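Got a structure here, written out as structure tokens. Questions coming.
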Amino acid sequence: MLEKERDEYLEEIYELLKENNKMLRSQKRARIMSGILRMLWFVVVVGVPVWLYFHYIQPALGNLQDNLKVLENLSQSNPQIGKQVEPIIQTVKTLMATFGASAQ
């Protein structure tokens, strides 16, 4: 009788061990997936603004600088237009200086 109880006890321990192993593997898999998703989230949070800057903001600032040069040349060549456009040019230059773009 003692041997039968021991075998049952060992069988129960073996089942608990298998169940524990299954839970540990599940936790490990969840931890790995969490790390991967955290890394992807970091790439999105950092990457999307950088991508937006290089694809939309930088070209728009370049166009703004080019248009500002044309406007300055126009105001220098025609003093009458220059009086009207000068406040706009100064405002745009101030805005560009505020946001870190150089008005060359």
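The values are calculated or read from the model by the stated rules, or taken from the named source; none is laboratory data. These numbers come from a predicted model, not from an experiment. Cβ coordinates were reconstructed from backbone atoms using ideal geometry, including for glycine residues, and neighbour counts include every protein chain displayed.
Please state which one of Glu72, Glu15 is in a helix (DSSP H, G or I) and touching a helix residue (DSSP H, G or I) at 6+ places or on another chain (Cβ under 8 Å).
Working: Glu15 fails: touching a helix residue (DSSP H, G or I) at 6+ places or on another chain (Cβ under 8 Å).
Answer to the selection: Glu72.
Does Leu17 meet the test of being hydrophobic (A, V, I, L, M, F, W, C), more than 22 Å from Val92 (Cα to Cα), at pLDDT 90 or above and within 33 Å of the chain's Cα centre (by Cα)? Steps first, answer last, please.
Values: hydrophobic (A, V, I, L, M, F, W, C): yes; more than 22 Å from Val92 (Cα to Cα): yes; at pLDDT 90 or above: yes; within 33 Å of the chain's Cα centre (by Cα): no.
No; evaluated as a whole, the condition is false for this residue.
In region 20-69, how many residues are among the aromatic types (Phe, Trp, Tyr) and closer than 30 Å to Lys93 by Cα?
Taking region 20-69 as the starting set, the residues that turn out to be among the aromatic types (Phe, Trp, Tyr) are 41-42, 51, 53-54, 56.
Cutting the leftovers down to closer than 30 Å to Lys93 by Cα gives us 51, 53-54, 56.
Of the residues in that region, 4 qualify.
If you don't mind, there's one more thing I want to ask. Kindly list the number of the only condition in (1) surrounded by 11 or more Cβ atoms within 10 Å (Cβ to Cβ); (2) under 25 Å from Phe99 (Cα atoms) that fails for Val45.
Going through (1) surrounded by 11 or more Cβ atoms within 10 Å (Cβ to Cβ); (2) under 25 Å from Phe99 (Cα atoms) one by one, Val45 breaks only (1).
Considering only residues of region 56-88 that are of a type in the set (S, T, N, Q) and closer than 16 Å to Phe99 by Cα, which is surrounded by the fewest Cβ atoms within 10 Å (Cβ to Cβ)? First the steps, then the outcome.
The first filter runs over region 56-88 and keeps only residues of a type in the set (S, T, N, Q), leaving 58, 63, 65, 67, 73, 75-78, 80, 84.
From the residues that got through so far, the ones that are closer than 16 Å to Phe99 by Cα too are 58, 63, 65.
Details: Gln58: 12, Asn63: 10, Gln65: 16.
The extreme case among them is Asn63.
Pick from Val70, Val85, Val50: which is at pLDDT 90 or above and not basic (Lys, Arg)?
That would be Val50, the only listed residue that is at pLDDT 90 or above and not basic (Lys, Arg).
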